[in-house]
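FYI, it's all coordinate maths here, none of it is from the lab. Note that the coordinates shown come from a computational prediction; the quantities given were computed from them, not determined experimentally. Quick reminder, even Gly has a Cβ in these numbers, built from the backbone with ideal geometry, and neighbours come from all protein chains shown.
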Amino acid sequence: MIGIHLSVATNKELKIYSQSGAAMVLCSGSEAIINGNVPPVLKFSEYSNRLALGSDQTPGGNSSNMFNKMKLTVLLNKCKYNNPAIFPSWKILKMVTIDSAKALGMDSTIGSTEKRKKPM
């Protein structure tokens, strides 16, 4: 199962959900614009690395530029927790490659540049 945003999930629910093998896809920019929420990616990542970054919309004001989505995810979490060390570059890059492939159950064929995997 893949949960989208999980913005209203409690910490207990996030732990149960992640430990069940489910994944999380977050769309930070869309959630921030629509509801003023920051998806609980930091808490979910304490329990699981089955995380992916997505886009809710194509024509909307926040576009489908994944580099912009990465930037918004990093900045929103740094602001939410008032901690500039949260989500360093390597962590968001890992989330949108290796961890996203795991979230989709495709980590044996995509997500990194290993020889046996499909090119991105």
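Can you pick out the pairs among Lys12/Lys80; Lys78/Lys115; Lys71/Lys102; Lys80/Lys115; Lys80/Lys102; Lys80/Lys118 whose Cα atoms lie more than 31 Å from each other?
Lys78/Lys115; Lys80/Lys115; Lys80/Lys118
What aspartates and glutamates does Lys94 reach when the alpha-carbon gap must be under 13 Å and sequence neighbours fewer than 8 apart in one chain are set aside?
Asp107
Under the rule of at least 5 residues apart or a separate chain, name every residue whose amide H is placed under 5 Å from the amide H of Gly3.
HN-HN under 5 Å from Gly3: Ala23, Met24, Val25.
Just grab the label-to-label distance for Leu75 and Arg116, each label 7 Å out from Cα along the Cβ direction, in nm (one decimal).
Rounded to a tenth, the inter-label distance reads 4.1 nm.
With a ≥ b ≥ c taken as the square roots of the eigenvalues of the C-alpha gyration tensor of region 21-118, please select rounded if a/c is under 1.5 and otherwise prolate if a/b is larger than b/c or oblate if it is not?
On the way: a/c = 1.82, a/b = 1.41, b/c = 1.29.
Prolate shape, in that a/c is at least 1.5 and a/b is the bigger ratio.
Taking H as built 1.01 Å from N, whose amide H comes closer than 5 Å to the amide H of Asp56, not counting residues under 5 places away?
Here the answer is Ser30, since their amide H atoms fall under 5 Å of that of Asp56.
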